[in-house]
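The values are calculated or read from the model by the stated rules, or taken from the named source; none is laboratory data. For clarity, every value in this text was computed on a predicted model and none was experimentally measured. Every residue, glycine as well, gets a Cβ built from its backbone with ideal geometry; the counts of neighbours run over all protein chains shown.
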Amino acid sequence: MTTYAPTSELEAVNKMLTSISLSPISSLTVTGNATAALAISTLHDTSREVQQEEWHFNTEKEYEISPDVNDNILIPSNCLNLDPTYSYKDYVFREGKLYDRENHTFTITDPVKVDIVWFLPWDDLPEYARNFIMIKAARIFQTKVMGSSEHFQFTQDEENRARVDLESKDSNNADNNMFRGSYSTLSIITRDVFIG
């Protein structure tokens with residue numbers, strides 16, 4: 001029976017394996033199968049690399065993080081990048097916490113709003129992101145195992161087409177336009193709010 005659902009992580013790994021003529025696996029928990037383990041690891045690493053690019057689907061603006069009982073602002077473990085939303089805050093990410101560079105301390109007593117990029121689990125990714133990550137990971141995997149991806153299922157051309165699809169669909173979902181999608185335009189439009 002055909003199922004109509006987004007590509008699962010297991011399906012992605014199996015497509016990677018079958019792209020070099022290896023048998024699919026029945027579970028992501030593998031023991032004694034170094035090639036399958038390499039495919040799983042490559043998919044995970046590629047997902048992290050792609051998500052670091054800050055897409056609409058994994059980025060939140062003005063995400064508020066509150067200090068803990070020790071007045072430290074702990075950064076969530078699946079955070080790939082963050083930047084204080086308001087530029088007058090000179091905070092950076094160190095030792096899993098926000099660090100106040102101006103005052104040379106981890107002690108921050110007030111909540112801080114940040115623009116944050118999340119490392120999302122596979123099942124939280126939109127299909128267009130899953131497709132690109134799978135194709136990119138498969139090409140990398142093929143090269144690692146076989147030494148070349150030229151003669152196998154996933155090529156650089158296919159990866160490029162999937163990348164264009166990812167960028168197009170992510171941009172459409174962000175509903176960007178010259179007013180909403182541009183910080184420079186927004187700053188001009190709203191400058192009277194801050195200086196008036």
Residue count, region 86-114 (criterion: modelled with pLDDT of 95 or more and more than 15 Å from Pro67 (Cβ to Cβ)): 1
Looking only at region 13-37, which residues are surrounded by 18 or more Cβ atoms within 10 Å (Cβ to Cβ) and in a helix (DSSP H, G or I)? Val13, Asn14, Lys15, Met16, Leu17, Ala36
Subset of region 80-112, residues part of a loop (DSSP other than H, G, I, E, B), without any contact (Cβ under 8 Å) to a residue 12 or more places away in the chain and not acidic (Asp, Glu), comes to Ser87, Tyr88, Arg101, Asn103, His104
Determine, yes or no, whether Leu82 is within 30 Å of Glu167 (Cβ to Cβ) and surrounded by 14 or more Cβ atoms within 10 Å (Cβ to Cβ). yes
Can you name every residue in region 116-142 that is outside any helix (DSSP H, G or I), in contact with a Phe, Trp or Tyr (Cβ under 7 Å, 6 or more places away or on another chain) and more than 16 Å from Glu9 (Cα to Cα)? Ile116
Hey, could you check region 137-170 for residues that are among the basic types (Lys, Arg) and within 14 Å of Leu43 (Cβ to Cβ) and say which is modelled with the highest pLDDT? Arg139
Would you check if there is a residue in region 64-79 being of a type outside the set (Phe, Trp, Tyr), surrounded by 14 or more Cβ atoms within 10 Å (Cβ to Cβ) and without any contact (Cβ under 8 Å) to a residue 12 or more places away in the chain? no
